[in-house]
Amino acid sequence: MIKESLDKTNEIQVQADQAAKELTAGRNKNIHETMLMLEKADMSFRLMMQVRNKVIDAYREIMRMQV
């Protein structure tokens, strides 16, 4: 499940990067769509970082448990 999320986040990042390149090259004139893609990529990345932090916290908590 985490790998699928990472793959999806990466795909969104690549699409946003491509949209930004097309905008700067002048091939795409729709700045609104480009900004939406960039914001979506940013939110996706932030969410993935929060999930990563929660997984690391859970792992640390498990490691602190006494058997």
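Just one of the numbered conditions (1) part of a helix (DSSP H, G or I); (2) open to solvent by 80 Å² or more (accessible area, probe 1.4 Å) is not true of Q66: (1). Just so you know, in the stretch 31-53 the residues that are open to solvent by less than 60 Å² (accessible area, probe 1.4 Å) and of a type in the set (S, T, N, Q) include one that is farthest from I2 (Cα to Cα), and it is T34. Taking the stated definitions as given, is D57 surrounded by 11 or more Cβ atoms within 10 Å (Cβ to Cβ) and among the charged types (D, E, K, R)? Taking the combined requirement at face value, the residue does not satisfy it.
The values are calculated or read from the model by the stated rules, or taken from the named source; none is laboratory data. The structure presented is a predicted model; accordingly, all values stated were derived computationally and were not measured. Glycine gets a Cβ as well: all are built from the backbone with ideal geometry, and neighbour counts include every protein chain shown. For the accessible areas, the whole protein counts, side chains as well, though only heavy atoms, and no ligand, DNA or RNA atoms are used. Shrake-Rupley method; radii C 1.70, N 1.55, O 1.52, S 1.80 Å.
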